[in-house]
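In what follows, a structure is listed as structure tokens, so that the remarks can point back to it.
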Amino acid sequence: MDRQFEQHGREVDRRLADLAEHLGAPAPRRERIAAIKDAIDVEARRLRRREGRIVALRPWIGAAAALLLTVGLSLPFGPGGYQALLAADENPEVAFGNWVAALDETGERFARLFDDDWCLGADGPNGQENTDVGDSLDSLEESLESFERIVGA
Amino acid sequence: MEPAGLERLLRRARRRDPQALHKLVDMYSARLFGLLYRLTGSRETAEDLLQETFLRVVRMIPEYRHGGRFEAWLFRIAANLARDHARRQKRRGRPVALDGPGGAGGPGRSDLADTGQPDPVGELLKKEAEQRVSAVLQGLAEAEREIILLRHFSELSFREIAELLDIPLGTALARAHRALKRLKAALGEEV
């Protein structure tokens with residue numbers, strides 16, 4: 001079977017070689033190659049900076065997780081459990097679902113802001129940052145409110 | 001470039017060393033552009049996709065492991081981008097742009113590889129043949145065109161191309177065979 005494939009491949013190559021001179025293509029323009037190299041430099045710099053920030057933030061993320069765990073472990077789970085801490089008309093599953101969704105959204109928004117270099121104060125396209133920051137803070141606030149409702153703070 | 005040299009270059013590129021990344025552009029842009037140009041039929045589009053290919057390389061190179069051939073990975077990125085572009089064009093109902101030789105953004109003869117002494121009649125005939133080949137290539141099924149052009153520009157083996165496209169080797173060869181038959185039929189005795 002392999003030999004058949006090899007023969008077939010050689011035959012296709014032979015036919016392709018007959019066409020090769022017609023398959024030539026122009027070279028990319030020099031100025032476009034220069035622009036590509038510039039774009040590569042910008043992207044490489046952006047990614048190196050981003051990776052540097054993630055490395056710098058890693059201990060803080062660990063500390064925040066530890067803090068959350070401590071808060072979670074020290075919650076006053078009395079009779080009736082956490083349901084007693086919810087508003088009377090609030091379904092605990094819905095409240096928890098809302099909180100998780102709000103946290104997800106917040107995480108995504110902050111990841112996007114991070115990618116757009118907002119944290120370094122770089123200008124993004126179309127002056128979009130202020131709206132993004134506002135939306136992100138709103139969704140963070142929303143997630144904290146949901147969390148407060150769940151823990152009854 | 002010998003494998004050890006390429007490995008060293010890729011190690012630097014993984015750290016996003018600008019000089020190493022520029023070297024990759026110098027080494028591969030002509031062949032990648034040829035593939036993208038013949039797949040899309042447009043110089044502008046091919047140059048845009050060439051830039052996007054290298055930007056993806058910058059983003060994804062830390063995950064690349066130098067197990068197989070770097071070319072296979074690189075040309076897969078370019079071929080996927082060309083495929084996505086064709087799908088977007090189809091959805092928008094736009095025909096594939098076919099730059100005419102010498103036309104705006106088109107591959108004028110002067111752009112093509114130097115063939116030695118000028119021969120106006122020969123050049124004209126060649127130009128016409130290239131134009132016909134371009135038109136016939138654009139008329140082929142996308143999957144057939146892709147195989148022929150990948151083999152021509154990437155210099156990967158049919159086995160590597162089959163792996164790259166995630167199809168059996170027999171299918172890749174059958175598609176190449178069909179495409180060449182059609183090309184030959186469309187171009188008559190010329191080839």
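Annotations for the structure displayed:
- Computed from label points 7 Å out along Cα-Cβ, the spacing between residue B:7 and residue A:57 is 3.6 nm.
- Per-residue accessible area (protein heavy atoms, 1.4 Å probe) orders B:16, B:91 as B:91, B:16, starting from the largest.
- Threshold 40 Å² - residues in region B:51-83 whose accessible area is reduced by that much or more when the chain is no longer isolated, probe 1.4 Å: B:51, B:55, B:58, B:59
- Subtracting the Cα-Cα distance of residue A:96 and residue A:66 from 0.36 nm times their residue separation leaves 8.7 nm of extension gain.
- Computed over the alpha-carbon pairs of region B:1-63, the distance histogram in 5 Å steps reads 4, 19, 25, 22, 16, 10, 4, 0 percent, short to long.
- Taking only Cα atoms of region B:128-169, radius of gyration then Dmax in Å: 11.6, 36
- Per the Kirkwood formula applied to alpha carbons, region A:3-47 shows a radius of gyration over Rh ratio, Rg over Rh, of 1.38.
- Total accessible surface hidden between A and B, rounded to 100 Å², 1.4 Å probe: 3800
The values are calculated or read from the model by the stated rules, or taken from the named source; none is laboratory data. Note that the coordinates shown come from a computational prediction; the quantities given were computed from them, not determined experimentally. FYI the Cβ positions are ideal-geometry reconstructions off the backbone, even for glycines, and counts take in every protein chain you see. The area values use the complete protein model at the heavy-atom level, side chains included, leaving out ligands, DNA and RNA. Shrake-Rupley method; radii C 1.70, N 1.55, O 1.52, S 1.80 Å.
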